[in-house]
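Heads up, the thing below is written out as structure tokens.
The values are calculated or read from the model by the stated rules, or taken from the named source; none is laboratory data. The model shown is predicted, which means the values in this text are computed figures rather than measured ones. A quick note on method: Cβ atoms are made from the backbone with ideal geometry, for glycine too, and the neighbour counts reach across all protein chains shown. What goes into the accessible areas is simple: the full protein's heavy atoms, side chains included, and nothing from ligands, DNA or RNA. Shrake-Rupley method; radii C 1.70, N 1.55, O 1.52, S 1.80 Å.
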Amino acid sequence: MKKDFLKEKYEGFISYFEKNMPVAESELKFENPYQLVVAVILSAQCTDKRVNMTTPAFFERFPDAKTLSDATVEEVHEYIKSISYPNNKSKSLVGMARTLMSEFGGVVPSGVDELQKLPGVGRKTANVVTAVAFGNAAMPVDTHVFRVSARIGLTQNSKTPLETERQLVAHIPSEILSKAHHWLILHGRYVCTARKPKCVECGIKDICDYYNKV
């Protein structure tokens, strides 16, 4: 793809969403970085709606890293058993809290590298936390971002989330990078859906590779 055409594609994408979705935020409900880490760990292969139904009771019982670090995996499991993969996530949550206490004094770090030292926190989760909780420029790549950016043609021949992240970061201004992440997620969740994208409703189909091919 010629650079000028790719530049125009990104400009069209940004222009549309700046006008039609000037505010784009996470649909996960949280009040502080600790709660966000928990919510994002729980959200893996699970809907935000289900997570938001689960976390109020969880945070009432485990309001901070200290209380969670003192819990058993079995007790945590009772609070998240309606979530996908509760066994693994229970272990991750307790491990995350214990590492927060032992290495970070119970305070969630803001850097991606430090966040990835926490059990259950991979690069995507770390990027979400640094962007959403701390306002840092980051492009977390989940299944929606990976799929939508490829369909539109914002990314070319990307085989991994990291490749997608690098291509998007190279073309989207840092000051709107985190917001653009939410644009892609929300567009993928409600319009550019996995099995049957709603192209008729899409406001950016004129710049979309998928639509123009189909």
>> Whether any residue in the stretch 31-48 is assigned to a loop (DSSP other than H, G, I, E, B), farther than 17 Å from ALA131 by Cβ and hydroxyl-bearing (Ser, Thr, Tyr) is what I want to check.
In response: yes
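Just checking, how many residues over the stretch 149-163 are among the hydroxyl-bearing types (Ser, Thr, Tyr) and closer than 20 Å to CYS202 by Cβ?
First, pick out the residues of the stretch 149-163 that are among the hydroxyl-bearing types (Ser, Thr, Tyr): 149, 155, 158, 160.
Filter once more, so that each one left must be closer than 20 Å to CYS202 by Cβ: 149, 155.
Adding up the residues that qualify gives 2.
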Scanning the stretch 4-18 residue by residue, those open to solvent by 20 Å² or more (accessible area, probe 1.4 Å) and not aromatic (Phe, Trp, Tyr) turn out to be ASP4, LEU6, LYS7, GLU8, GLU11, GLY12, ILE14, SER15, GLU18
(1) crowded, with 17+ Cβ neighbours inside 10 Å; (2) free of Cβ contacts under 8 Å to residues at least 40 places away in the same chain; (3) closer than 30 Å to ILE176 by Cα all hold for MET96 apart from (2)
Does PRO63 qualify as being crowded, with 16+ Cβ neighbours inside 10 Å, outside any helix (DSSP H, G or I) and of a type outside the set (Val, Ile, Thr)? no
With respect to LEU168, determine if the residue is crowded, with 16+ Cβ neighbours inside 10 Å, part of a loop (DSSP other than H, G, I, E, B) and at pLDDT 95 or above.
no
The correct count of residues that are out of contact with any Phe, Trp or Tyr (no Cβ under 8 Å at 6 or more places or on another chain), in a loop (DSSP other than H, G, I, E, B) and either among the polar types (S, T, N, Q) or open to solvent by 60 Å² or more (accessible area, probe 1.4 Å) (or both) in the stretch 106-128 is 3
Going through the stretch 129-145 in order, the residues found to be buried (at least 22 other Cβ atoms within 10 Å of the Cβ) and touching a Pro at 6+ places or on another chain (Cβ under 6 Å) are VAL141
Per the filter on the stretch 19-30, residues surrounded by 10 or more Cβ atoms within 10 Å (Cβ to Cβ) and either under 17 Å from the mean Cα position of the chain (by Cα) or free of Cβ contacts under 8 Å to residues at least 12 places away in the same chain (or both) are ALA24, GLU25, SER26, GLU27, LEU28, LYS29, PHE30
Flagged in the stretch 152-164 as surrounded by fewer than 20 Cβ atoms within 10 Å (Cβ to Cβ) and part of a helix (DSSP H, G or I), in numbering order, are PRO161, LEU162, GLU163
Exercise for review: Consider SER178 carefully, then state whether it is of a type in the set (S, T, N, Q), touching a helix residue (DSSP H, G or I) at 6+ places or on another chain (Cβ under 6 Å), free of Cβ contacts under 8 Å to residues at least 24 places away in the same chain and crowded, with 18+ Cβ neighbours inside 10 Å.
Suggested key: no
Exactly one of SER174, SER82, SER158 is over 14 Å from the mean Cα position of the chain (by Cα), of a type in the set (S, T, N, Q) and more than 22 Å from PHE13 (Cα to Cα), and that one is SER82
Counted residues in the stretch 31-55 being open to solvent by 80 Å² or more (accessible area, probe 1.4 Å) and farther than 15 Å from ARG189 by Cα come to 2
Result of the Cβ filter at 6 Å on the stretch 142-157, keeping first residues that are free of Cβ contacts under 8 Å to residues at least 60 places away in the same chain and partners that are in a loop (DSSP other than H, G, I, E, B) and open to solvent by less than 40 Å² (accessible area, probe 1.4 Å), at least 6 apart or interchain, is VAL148/CYS192; SER149/THR155
